[in-house]
Number of protein chains: 2
Amino acid sequence: MKETRERLEALRDEMRRVNVDAVIIPGTDPHQSEYVSDHWKFREWLTGFDGTNGTAVVTLEKACLWTDSRYFLQAEQQLQDSGFVMMRENMGNDPDLRQWLAQELAQVEDPIVALDGRMHSVMEVNRLEHWCGDNGFQLATDFRPSDKLWTDRPARPSAPAFVHDVKYAGEDVESKVARLLQLLDNVDADAMLITALDDLAWLYNLRGGDIAYTPVAIAFGYVSHKERNIFIDAGKVTDEVKQHLRQYDIHVRDYDEVEHFLSRRSEHETVLIDPDRVSDTLAAALMCQKVYARSPIADLKAIKNEVQIEGFRHAMERDGAALVRLFRWVEANADKGITEMDVARKGIEERSKSDMYTDESFAMIAGYGEHGAIVHYEPTDATAATLQPQGILLVDTGGQYLDGTTDITRTVTLGNPTEQQKHDFTLVLKGHLALQRARFPEGTCGVQLDVLARLPLWQEAKTYGHGTGHGVGHFLGCHEGPQSIRTDLNPVVLRPGMITSNEPGLYLAGQYGIRTENLVLTVRGPETDDFGNFLQFEPLTLFPYDVRLIDRSMLIQEEIDQINAYHQMVCTRLTPLLCDDEAQWLAQRCAPI
Amino acid sequence: MKETRERLEALRDEMRRVNVDAVIIPGTDPHQSEYVSDHWKFREWLTGFDGTNGTAVVTLEKACLWTDSRYFLQAEQQLQDSGFVMMRENMGNDPDLRQWLAQELAQVEDPIVALDGRMHSVMEVNRLEHWCGDNGFQLATDFRPSDKLWTDRPARPSAPAFVHDVKYAGEDVESKVARLLQLLDNVDADAMLITALDDLAWLYNLRGGDIAYTPVAIAFGYVSHKERNIFIDAGKVTDEVKQHLRQYDIHVRDYDEVEHFLSRRSEHETVLIDPDRVSDTLAAALMCQKVYARSPIADLKAIKNEVQIEGFRHAMERDGAALVRLFRWVEANADKGITEMDVARKGIEERSKSDMYTDESFAMIAGYGEHGAIVHYEPTDATAATLQPQGILLVDTGGQYLDGTTDITRTVTLGNPTEQQKHDFTLVLKGHLALQRARFPEGTCGVQLDVLARLPLWQEAKTYGHGTGHGVGHFLGCHEGPQSIRTDLNPVVLRPGMITSNEPGLYLAGQYGIRTENLVLTVRGPETDDFGNFLQFEPLTLFPYDVRLIDRSMLIQEEIDQINAYHQMVCTRLTPLLCDDEAQWLAQRCAPI
């Protein structure tokens, strides 16, 4: 890795030139996106490591990269001879970034820690500033080495934006903006700076193709009672988009103009800033009053309207039919040398048969045998295992359709399941079913329900290390907030219209992984005089659980009834989309247990 | 209520004299105690209302008292013609204290809101200060009308303190202080001001009789590496106590000296202050550095040691035996005209037969029929219902023993239970049992487990409005923190050695109330390589559930086994303490279902 070593030394030269002792380089973009376009992969360019989670720190003597357990193997390989040492996040032995940095800088006189404030949220910089203050360090937020060193930097993505038709979105821009302004009024804000790409896409009913898996266009927004703006590369603005924006009085400005635009806001304007989503640089550019609060758009877009919900239902039918074809094909070919990558490619092929499909909502996790135990495993041609007609295959996959986003995990046997496999599969399924049939009062948060998915495992001293549920966007990010079902104390309550995943799992290193995931819609349940109103979940995802992996003796009647009712619904809804052979296969899979 | 009207006018004269527009009068004492001695019942003296929760606010024109639903009836009666209007907390129609005050003072020029800072925590005053600032009000924290107006004020309680023998406490003062100082070091504090009476009682192994239900002495403490102090009325310090304090180098100072003492602390000393427990006046007296943090003593005393746990087990046996005699007596006399008050008196009589018993841990809630549906109902001779040989009786009661504190609720039928009663009782029991048999990983908080107790009710669109579990002190407060099992997002994790209640319920207004409560000990469960260490609960309380109220068809085998195993343990443990007739009665109640 001579190349990365040279880049590292060039960075150190630059650090010396401007008198900086340490620099922090995250893997994000100016929009705090989950998936980042190549234009902003400076950390990857510098280190050679291309995982989605990784933060590099460089001092004049040393260089480290922190990542999580998903990437330990990959980072170890990619960082070889790069000059960077891998540090394991949340592992007892390795210091965390701050501990390490504090130690490295302990002997330096008045050390300066630097970062590029465009890539860090207000909140992150705030925390770092406090930490630096406590340690007697100085924090510089205007160090932008990528601009100077990265000479072969890819251009900003230039995919055309397009209008997300109101027949899918269910609400026009006028109405969305009016509701947003109302929420701004409630917190005495006049305007909002919008940097999260999915927030902006939702608000303006716009989509794009700039980012993998999430159909958004790179842009900023600024909305007040007086004006509506979008900051976007002119090349993305097709005539259709231009007309759409004009219809709603949305002023098109150049993407690079945003910082300057913000710096000229009236000091009498009060602007809402989401401190977790807006970059420190943009927040600093605003010289007016600020209200720091979670994006009200996140709250608005989390509640799906009736049109969106109907869209989800249709997308689930198409997705379920594609999965029937996929899994039937896998079953028929498990003894013919197909690999995990073949499964992933076949999934795309089957989904593509729908003209509402645009892309996967994330790279398929097809984990056969021990690969299934690697929670965020993503096969590549280099690593893909060849399937055998035995053992367990975990498939976590989702599609982007114009009318909805899907995300499903099914774990299936390819033959001769063991008693242990059936036992573990049934434990996970019991948790999944318990959460899915839960009823709960209005005002309940996800953290209160999380245990329902975990308890069958906990009772046997087993558990899983990831969350149970995340929000899902509508033809937008497959992971969105603000609600979640996790052990974290997230105070956001579950509301009717929210769509959340339900995905308990169990992972036995070196053996197999099990996960069962549906998307569920929060709907109104019984309303009572004495005990208030209740909510419950409606499963949206349509695909049978693999009953061959169920140990029926572990189920109570309520669970058996629940499985049979779900399978009946799956069969009824998917059959019209299938040919006879496929329908027969599905009917067999959905037979009452 | 001519008397309270005169007192109210005297207060207003005083307000005019010192130029105050509104005064806030809480029902607490300088220690933020749950139960308050007569000496500090100024709000009761002023308003006539003697409920435990109530805050009065007086302006020059109006006077109101806020209380919660437990006390609506009582407050309505007691405030008649008092000049005070009752305001209902957390009820849609009534404004809250601040809303009301903001409205009342809207027309006043530069209004001054006053309070006695000795009776309000730092946190409360802080919040009020912010609120006053936002509204353009001034807050005066040194208004002490009780000192001047309350001429017939009862003296401070003068019960002698006594040593809580290390054979019960399980740890001597030297060790406790050393552990506290270690925790202070961890947050860079040199000293701690201790104002919570139970914190101080735990630390110094001292008890007293100044407060109803909680065996504590009125005192303050101040501990640092250099000195240990107690501020206490000399009359409480018996020779035994004097010797005990001398043994551990604890300096005895006068109770009233504390403020002056604090004002002379070195400015180089850093003092830990629990902002929820220390009064604003005392915190303000300290001119040195302060660290605001939850009392580390709360964390230390929540984890019971082996000696305390053994003590709890013994106390539970004695308590269970007393309850066998009580409930047997109730059953035999339900048709003989006994009242709820007779049940409460009989409970004390039976517990008093143990020489380890010192007091109830709270006033017995004996709620017959519809009284059971009033969550915090406490019978008085005036209100007590007469039992009949039918219907449901809810008894929530606890005792203070030298070796442990008990708190139990049982709901029993007095004859001919209806199907609905059995159905509801079984729902509550299913939740209680589910929580009690839960296993969970280290790091789990109560809010994550709360749903286990509620789910059977939720599934039928029913619920209860109170928490599921509170911590319990060791021969100390029946309610103590920091852990809880509630819907609130309390971040305190459950740890081995914590004792918490498990008390789901169901209340049907005008009909009956059901609650089933055990105290449970958090203990270590399985330890695994792959999934970490697990914890679980051990029920400490020993008394059978009323199986005559169980609808067996609603139970799964696991629940039946759990009930039978528990009843077998209860029978085995209590029988040695019972005479033959009592043992026979218990055996019948504990027969396998």
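The values are calculated or read from the model by the stated rules, or taken from the named source; none is laboratory data. Please read these numbers as outputs of a predicted model, since none were measured by experiment. Cβ placement follows ideal geometry from the backbone for every residue including glycine, while neighbour counts extend to all protein chains displayed. What goes into the accessible areas is simple: the full protein's heavy atoms, side chains included, and nothing from ligands, DNA or RNA. Shrake-Rupley method; radii C 1.70, N 1.55, O 1.52, S 1.80 Å.
A few comments on the model shown:
- The residues in the stretch A:23-62 that are part of a strand (DSSP E or B) and either touching an Asp or Glu at 6+ places or on another chain (Cβ under 7 Å) or among the aliphatic types (A, V, I, L, M) (or both) can be counted, and the count is 7.
- Single condition residue A:389 does not satisfy, out of (1) outside any loop (DSSP other than H, G, I, E, B); (2) away from every other protein chain (no Cβ under 14 Å); (3) farther than 18 Å from residue A:508 by Cα: (1)
- Selection within the stretch A:191-223 - among the hydroxyl-bearing types (Ser, Thr, Tyr) and either surrounded by fewer than 18 Cβ atoms within 10 Å (Cβ to Cβ) or farther than 20 Å from residue A:291 by Cβ (or both): A:204, A:213, A:214
- Tallying residues that are among the aromatic types (Phe, Trp, Tyr) and either at pLDDT below 95 or open to solvent by less than 40 Å² (accessible area, probe 1.4 Å) (or both) within the stretch A:322-351 yields 1.
- Of residues in the stretch A:508-522 being within 14 Å of chain B (Cβ to nearest Cβ) and surrounded by fewer than 22 Cβ atoms within 10 Å (Cβ to Cβ), the one nearest to residue A:463 (Cα to Cα): A:508
- Residue B:61 vs. criteria among the acidic types (Asp, Glu) and under 30 Å from residue B:208 (Cα atoms): no
- Residues (surrounded by fewer than 19 Cβ atoms within 10 Å (Cβ to Cβ) and in contact (Cβ under 8 Å) with a residue 12 or more places away in the chain) located in the stretch B:103-117: B:108, B:110
- Selection count, the stretch A:457-474, where residues are among the β-branched types (Val, Ile, Thr) and within 13 Å of chain B (Cβ to nearest Cβ): 2
- Among the numbered conditions (1) under 27 Å from residue B:405 (Cα atoms); (2) buried (at least 24 other Cβ atoms within 10 Å of the Cβ), the only one that residue B:467 does not meet is (2).
- Qualifying residue in the stretch B:86-98 (condition: part of a strand (DSSP E or B), in contact with a Cys (Cβ under 6 Å, 6 or more places away or on another chain) and at pLDDT 90 or above): yes
- Residue B:65 being at negative phi, in a strand (DSSP E or B) and surrounded by 13 or more Cβ atoms within 10 Å (Cβ to Cβ): yes
- For residue A:269: the one exception among (1) closer than 28 Å to residue A:491 by Cβ; (2) open to solvent by less than 20 Å² (accessible area, probe 1.4 Å); (3) acidic (Asp, Glu): (1)
- Failed item in (1) within 14 Å of chain A (Cβ to nearest Cβ); (2) crowded, with 23+ Cβ neighbours inside 10 Å, with residue B:477 passing the rest: (1)
- Residue check, residue A:582 more than 25 Å from residue B:457 (Cβ to Cβ) and either more than 14 Å from chain B (Cβ to nearest Cβ) or open to solvent by 70 Å² or more (accessible area, probe 1.4 Å) (or both): yes
- Of B:436, B:459, all but one fail to be under 23 Å from residue B:524 (Cα atoms) and open to solvent by 10 Å² or more (accessible area, probe 1.4 Å); the exception is B:436.
- Scan of the stretch B:262-304 for residues that are assigned to a helix (DSSP H, G or I) and free of Cβ contacts under 8 Å to residues at least 40 places away in the same chain, ordered by number: B:263, B:285
- Of all residues in the stretch A:484-506 being within 14 Å of another protein chain (Cβ to nearest Cβ) and in contact with a Leu (Cβ under 9 Å, 6 or more places away or on another chain), the one that is surrounded by the most Cβ atoms within 10 Å (Cβ to Cβ): A:504
- Here is the figure for the stretch B:429-454: residues that are at the interface with chain A (Cβ under 7 Å from one of its Cβ atoms) and either acidic (Asp, Glu) or under 18 Å from residue B:551 (Cα atoms) (or both) total 1.
- Checklist (1) within 13 Å of another protein chain (Cβ to nearest Cβ); (2) of a type in the set (Phe, Trp, Tyr); (3) more than 19 Å from residue A:496 (Cα to Cα); (4) surrounded by 24 or more Cβ atoms within 10 Å (Cβ to Cβ) applied to residue A:401, failing item: (1)
- In the stretch A:225-242, the condition of being closer than 13 Å to residue A:204 by Cβ, among the polar types (S, T, N, Q), open to solvent by less than 20 Å² (accessible area, probe 1.4 Å) and not in a helix (DSSP H, G or I) is met by at least one residue.
- If you filter the stretch A:524-543 down to residues that are without any contact (Cβ under 8 Å) to a residue 60 or more places away in the chain and more than 9 Å from every other protein chain (Cβ to nearest Cβ), you find that the one that is most open to solvent (accessible area, probe 1.4 Å) is A:529.
- The condition of being charged (D, E, K, R) and open to solvent by less than 10 Å² (accessible area, probe 1.4 Å) holds for only one of A:355, A:319, A:359, that being A:319.
- Residue within the stretch B:102-112 that is small (Gly, Ala, Ser) and in contact with a Ser or Thr (Cβ under 7 Å, 6 or more places away or on another chain) present: no
- The residue that is farthest from residue A:54 (Cα to Cα), among those in the stretch A:68-111 that are over 27 Å from the mean Cα position of the chain (by Cα) and small (Gly, Ala, Ser), is A:106.
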